[in-house]
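Accompanying notes for the structure given below.
The values are calculated or read from the model by the stated rules, or taken from the named source; none is laboratory data. The shown structure was predicted, so the numbers you read here are calculated from the model rather than taken from an experiment. Positions of Cβ are backbone-derived with ideal geometry, glycine not excepted, and every protein chain shown enters the neighbour counts.
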Amino acid sequence: MPAAVLAAICSHLEREAVLGGYESEDEAAPRLRDAYDAVATLLQAATRNVAIVENATVAFSQALSAFDFRPGDIIVTTRNDYISNQLAYLSLARRCGVVVRRAEDLASGGADPDSVRALLDEPRVRLLAVTWVPTNSGLIQPVERLGEIAAAAGVPYLIDACQAVGQLPVDVRRLRCDFLAATARKFLRGPRGIGFLYVSDRALERGLFPLYIDMRGGLWQSADAFALVPDARRFENWEFAHALVLGLGAAARYATEVGVERGGQRARALAARLRTSLAAVPGLRVLDRGLELAAIVTVEVAGRAAPDVVRELRARGINTSASMRDFAVIDMDDKRAVTAVRLSPHYYNTDTELDEAVVALRSLVTGPQST
């Protein structure tokens, strides 16, 4: 996290310790409003279209729960959607009789727009849901093109932008999405435990709201009646970690000041350099596929389980993470991989740091190098 983000969080926690939760919230009200504005600016949206929730998965689930699925209704998605989203679709299939259809991939990787278009022709399709950048690879899905197809078909469109926000410019108008879910952390460099949901005017005007609406989003009018608040807050919950909301706002402002396009281009350039270096090492297999690749690099280490590799790299001061087969069953099986190490360079990383990571991974495959 940048220093400005940490300061926003810690200063509010200090006020909570002195004043109490409600009083410090009231005191911070102008800055909390500014946080919504900062997120809206990042998305090129209006503030009324921003809901702040506990994390990206909650944001995605709140959007998904706004649809009254019936047996036989169809959700169209991809072969590379995030594990929690795929599990949500399968849960809806088991509980509500929803049918899950996954678009075919292009030979080069990523969803085939023609396959999506064909699937959306089915009258029972209720939703197109797509993960912009999957957690298990550097793939960038053609979300803008898919938005055009969904709009032409009149099908609501939900995007998981968890790995995209902060490294790829977001313009919800160009995406034509009804919902977009994301997190404060990852490439946005905000705190863990807070996320947000964009809700389009179209979705609000249709009267969509989450299944388990809370007092933040609904007005209890009589014993058996309630009304919706008019904006995206209907997708929020009343209880907030306000310190994290302020941290999210600071992260969004910081990203805007850096320039997401500028910072993201550097991050992706570092990732491309890293892929080239790793691919030249015997025993390492780079797994990323797609016409466009993000600043996420996944590599299989021959004969080694990724969690073990991650621990050894962390001991050397190199932060990576492990992707497992059950995080992305379809994609990992297609690649005949069981585990993979994920490296996610950001704009503040250096060429020297990337070289050190390559040397460390080489040593884990072939043993210590002689000098």
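Does P113 satisfy being over 17 Å from the mean Cα position of the chain (by Cα) and outside the structural domain of P345 (by TED's automatic domain parsing)?
Answer is yes for this residue.
Scanning the stretch 58-114 for residues that are basic (K, R) and part of a loop (DSSP other than H, G, I, E, B) yields R70, R79. Kindly check whether there is at least one residue in the stretch 228-236 that is of a type outside the set (D, E, K, R) and surrounded by fewer than 16 Cβ atoms within 10 Å (Cβ to Cβ). There is at least one residue in the stretch 228-236 that is of a type outside the set (D, E, K, R) and surrounded by fewer than 16 Cβ atoms within 10 Å (Cβ to Cβ).
With respect to (1) within 13 Å of G290 (Cβ to Cβ); (2) of a type outside the set (S, T, Y); (3) surrounded by 24 or more Cβ atoms within 10 Å (Cβ to Cβ), the lone exception for F179 is condition (1). Could you say whether any residue in the stretch 358-368 is of a type outside the set (S, T, N, Q), exposed (fewer than 15 other Cβ atoms within 10 Å of the Cβ) and in contact (Cβ under 8 Å) with a residue 12 or more places away in the chain? No; the residues of the stretch 358-368 include none that is of a type outside the set (S, T, N, Q), exposed (fewer than 15 other Cβ atoms within 10 Å of the Cβ) and in contact (Cβ under 8 Å) with a residue 12 or more places away in the chain.
Being hydroxyl-bearing (S, T, Y) and either closer than 25 Å to T41 by Cα or under 20 Å from the mean Cα position of the chain (by Cα) (or both) is the requirement here; does Y212 meet it? Give the derivation first.
Numbers: hydroxyl-bearing (S, T, Y): yes; either closer than 25 Å to T41 by Cα or under 20 Å from the mean Cα position of the chain (by Cα) (or both): no.
Against the criterion (hydroxyl-bearing (S, T, Y) and either closer than 25 Å to T41 by Cα or under 20 Å from the mean Cα position of the chain (by Cα) (or both)), Y212 does not qualify.
Annotation: of all residues in the stretch 305-348 being exposed (fewer than 14 other Cβ atoms within 10 Å of the Cβ) and among the basic types (K, R), the one that is nearest to S137 (Cα to Cα) is R336. Within the option set I83, I149, being within 26 Å of V338 (Cβ to Cβ), among the aliphatic types (A, V, I, L, M) and not assigned by TED's automatic domain parsing to the domain that holds R325 holds for one residue only, I83. Of all residues in the stretch 329-356, those that are of a type outside the set (S, T, N, Q) and within 23 Å of G166 (Cα to Cα) total 10.
Listed here are the residues, each with its yes/no results for (1) modelled with pLDDT of 95 or more; (2) touching a Phe, Trp or Tyr at 6+ places or on another chain (Cβ under 6 Å); (3) buried (at least 24 other Cβ atoms within 10 Å of the Cβ).
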| residue | (1), (2), (3) |
| --- | --- |
| A153 | yes, no, no |
| A161 | yes, yes, yes |
| Q167 | yes, yes, yes |
| R174 | yes, no, no |
| A184 | yes, no, yes |
| L197 | yes, yes, yes |
| L208 | yes, no, no |
| F226 | yes, yes, no |
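When the stretch 118-173 is limited to residues that are assigned to a loop (DSSP other than H, G, I, E, B) and of a type in the set (S, T, N, Q), the one that is farthest from S108 (Cα to Cα) turns out to be Q167.
This table checks each residue for (1) among the acidic types (D, E); (2) closer than 30 Å to L343 by Cα; (3) touching a residue at least 60 places away in the same chain (Cβ under 8 Å).
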| site | (1), (2), (3) |
| --- | --- |
| Q163 | no, yes, yes |
| G195 | no, yes, yes |
| L211 | no, no, yes |
| D214 | yes, no, no |
| A255 | no, yes, yes |
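Residues in the stretch 1-36 that are out of contact with any Leu (no Cβ under 9 Å at 6 or more places or on another chain), surrounded by 16 or more Cβ atoms within 10 Å (Cβ to Cβ) and under 18 Å from I52 (Cα atoms): Y36 alone.
Regarding the stretch 19-35, can at least one residue be identified that is closer than 24 Å to T131 by Cβ, touching a strand residue (DSSP E or B) at 6+ places or on another chain (Cβ under 9 Å) and either in contact (Cβ under 8 Å) with a residue 24 or more places away in the chain or not assigned by TED's automatic domain parsing to the domain that holds V172 (or both)? Within the stretch 19-35 (the criterion being closer than 24 Å to T131 by Cβ, touching a strand residue (DSSP E or B) at 6+ places or on another chain (Cβ under 9 Å) and either in contact (Cβ under 8 Å) with a residue 24 or more places away in the chain or not assigned by TED's automatic domain parsing to the domain that holds V172 (or both)), the answer is no, since none of the residues qualifies.
Can you tell me which of R273, R268, R234 is over 20 Å from the mean Cα position of the chain (by Cα), outside the structural domain of D178 (by TED's automatic domain parsing) and part of a helix (DSSP H, G or I)?
Working: R268 fails: over 20 Å from the mean Cα position of the chain (by Cα); R234 fails: outside the structural domain of D178 (by TED's automatic domain parsing).
Step by step, each of R273, R268, R234 is checked, and only R273 is over 20 Å from the mean Cα position of the chain (by Cα), outside the structural domain of D178 (by TED's automatic domain parsing) and part of a helix (DSSP H, G or I).
Taken across the stretch 286-302, residues that are free of Cβ contacts under 8 Å to residues at least 24 places away in the same chain and either in contact with a helix residue (DSSP H, G or I) (Cβ under 7 Å, 6 or more places away or on another chain) or not in a loop (DSSP other than H, G, I, E, B) (or both) do occur, with at least one present. For the stretch 90-136, which positions are over 27 Å from V170 (Cβ atoms) and either among the β-branched types (V, I, T) or touching a Leu at 6+ places or on another chain (Cβ under 9 Å) (or both)? Those that are over 27 Å from V170 (Cβ atoms) and either among the β-branched types (V, I, T) or touching a Leu at 6+ places or on another chain (Cβ under 9 Å) (or both): V98, V99.
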